[in-house]
Ligand code: SF4
Ligand code: SF4
Ligand code: SF4
Ligand code: SF4
Ligand code: SF4
């Protein structure tokens, strides 16, 4: 039986497809085993019954705004939680997909569920969430069961890393990265890792060693974190999918904190705020950038 | 070969004795929420309570990265030497039947037109102690691809946990028989309560027969179904890297300070966009549905055609861990049933 929220999502999706407001609705459907939910792409209004909604709707579907097999449908309607939509905002700002071609179906979200057998840090975002009601959407699907007031804890729980010495930090991360198998699932699932050719694939010269050994893993994980600094919206997807349970969220959180303190900027908050990486001022305090 | 029994305590002693004699024992170890096979120094490190490991244990014979050639710049030119595989006597302990049987697919591939000495040196030195599944995971579908939670394929010794206590133990190959003979005093007569294959199979939910998918797959090579199936695929290497039977690798030359280089053999995946990218810029598999189609075709059509074995043992890892839950069981089942 569809829940009330599911029914609203389906009705909204049907209307969007019937009216031609979008060519495809990217949403969540039942997964391959009962504990799973997977992305689905609905183009026929008769198929909206496939859409589901529950606290296992983990994927950040804004990922698909940049995928050729989805963009071919023209306007794309995406179902999203607040954190997912923050990533869509960054994609609009970075000119990866036009705002006008995106139809956002925002759904109130009370937080995603833990996953048996996985560390919980991928959903640290939920403890500090202030976008339970998506800030930007074309269609809002309210969920009366969700208290949409921002979480009372504004600060992420201290992961204890800041108080470590540089040598301890280095040892900690080398140990974590030693498990990296270079599957690039973190990159694959990240909406903001959209480059046609990732830096690890540039081999003239080879900037980043492709081998999954200590040095190669260190280079890879750090370069990815840097490329996401000031852009990552901390949706936690990279952390969730890492088959080696590397706490990537801690790296992202750290860099987001640095950007917030230095530039008073948080990625994907509003379409109107100028992203720190896209701004340029002739009177910049830093000489190297002028 | 005759069925025997061994207690949990004796099994630990056996492994400790082997470790002591210099054998590298790969066993499941828990680290945080992860359980993976890795070399242990003592049986005390072993995790006994796991459905299956996060990564397959293929790295015991096919490590994620290894050096195959070393070189250095000399006065007059370049000096190059072959690297030798670091292979010594080893035991792969508690490989699940799906993972043990996958070794037969790797054996076929790495001995096809040429013997890969790195793989084969490790493989020859490896004794596989399989651990039957009495409580299969939700994701498992070995029975759909010709396997079984009690299968001995690929194992040298198969252990079956029994309710009374300890394990039923059976030597499946000469290698396994030798290991059991060496420790004969630790084994007793066969236990009375060995679970039947039917009993365990009853617990498995995913049992549609996928063993003859080839004809249907081949007929639908150019079918739009691939686009519908693979639209969500994000083109990562997760499925191939955690898979017990994926064997693809990339060869890269890496600079080593100073004036030296090493040629590495690293895991690769056909789902990466760069997998088939030519130096010219041409890519014969230019979009994700073609890459994912290759994944399915290679496992259920091309490999069986060439070697007579499916290249999927139904461990269920790829579907369960795929970031977007693209599950090969459902994909093949849909096509078989169509
Ligand atoms: S880096 Fe990770 S947390 Fe940040 S936007 Fe990408 S997937 Fe989300
Ligand atoms: S998902 Fe994890 S294992 Fe895979 S490349 Fe990223 S950090 Fe490494
Ligand atoms: S099927 Fe899943 S794991 Fe495999 S490449 Fe596609 S997204 Fe990655
Ligand atoms: S293809 Fe998937 S289910 Fe089959 S053996 Fe590989 S990881 Fe396991
Ligand atoms: S499925 Fe793909 S990655 Fe796996 S062995 Fe076949 S070609 Fe290689």
- Taking B:149-158, A:101-110, B:187-196 and ranking on average Cβ neighbours within 10 Å, highest first, one gets B:149-158, A:101-110, B:187-196
- Item | Between region A:149-181 and region B:84-121, the Cα center-to-center distance that results, in Å | 38 Å
- Show me A:171-182, A:56-67 ranked by packing, highest mean number of other Cβ atoms within 10 Å first. A:56-67, A:171-182
- Note on the structure: Per the C-alpha gyration tensor (a ≥ b ≥ c, the square roots of its eigenvalues), chain B is rounded if a/c is under 1.5, else prolate if a/b beats b/c, else oblate; here it's oblate
- Yeah, region B:116-219 with a ≥ b ≥ c from its alpha-carbon gyration tensor (a/c under 1.5 is rounded, else prolate when a/b outruns b/c, oblate otherwise) is oblate
- Between the helical axis of A:166-177 and the dominant principal axis of chain A, each derived from Cα atoms, what acute angle in degrees is found, rounded to the nearest 10? 50 degrees
- Just need the relative contact order of chain B here, percent rounded to a whole number, with Cα pairs under 8 Å and 6+ apart. 20 percent
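Tell me, what is the percent relative contact order of region B:222-311, built from C-alpha pairs under 8 Å that lie six or more residues apart?
So the answer I get is 27 percent.
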- Going by average Cβ neighbours within 10 Å, how do the peptides A:157-167, A:132-142, B:311-321 rank, with the highest at the top? B:311-321, A:132-142, A:157-167
- Message: Looking only at chain A, where both bridge partners belong to it, what percent of the DSSP beta bridges are antiparallel (to the nearest 5)?
- Response: 40 percent
- Query: Roughly what would the spin-label model give for residue A:214 and residue B:78, points 7 Å off Cα along C-beta, in nm?
  - Reply: 2.7 nm
- Message: Compute the helix-to-body angle for A:82-93: its Cα long axis versus the longest principal axis of chain A, expressed 0 to 90° and rounded to tens.
- Response: 70 degrees
- Message: Counting only other chains, and only Cβ atoms inside 10 Å, what mean value do you get across the residues of B:325-331?
- Response: 4
- Kindly put B:328, B:256, A:16 in sequence by how many other C-beta atoms sit within 10 Å of each C-beta, fewest to most. B:256, A:16, B:328
- Per-residue average of other protein chain Cβ atoms inside 10 Å, peptide A:177-184 -> 6
- Item | Computed helical MRE - 222 nm, chain B, DSSP H runs ≥ 4 contributing -39500 (n - 2.57), nearest 500 | -7500 deg cm²/dmol
- Task: Choose one answer from A:122, A:277, A:41: the residue with the largest mean-square fluctuation in a GNM of chain A with alpha-carbon springs under 10 Å.
- Result: A:277
- Message: Rounded to whole Å, give me the distance from the Cα center of region B:1-33 to that of region A:5-43.
- Response: 50 Å
- Paramagnetic reach from residue B:208 (point 7 Å along Cα→Cβ, amide N under 13 Å) across region B:268-300: none
- Note on the structure: Longest principal axis of chain A (C-alpha) makes with the long axis of helix A:248-263 (C-alpha) an angle, in degrees to the nearest 10, of 80 degrees
- Note on the structure: Across B:52-63, the residue-averaged tally of Cβ atoms belonging to other chains within 10 Å stands at 1
- Query: Full extension from residue B:198 to residue B:115: what is 0.36 nm times the residue separation minus their Cα-Cα distance, to one decimal in nm?
  - Reply: 26.0 nm
- Message: If I take R0 = 30 Å and measure r between the Cβ atoms of residue B:276 and residue A:35 in this structure, what FRET efficiency does the formula 1/(1 + (r/R0)^6) give, to the nearest 0.05?
- Response: 0.30
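How high is the FRET efficiency between residue B:175 and residue A:161 when r is their beta carbon distance and R₀ equals 30 Å, given to the nearest 0.05?
0.05
Here, each number is a calculation from the coordinates, and none is a lab measurement. Worth saying up front: this structure is predicted, and the values here are computed from it rather than measured. Note that each Cβ is placed from the backbone with ideal geometry, even for glycine, and that neighbours are counted across all protein chains shown.
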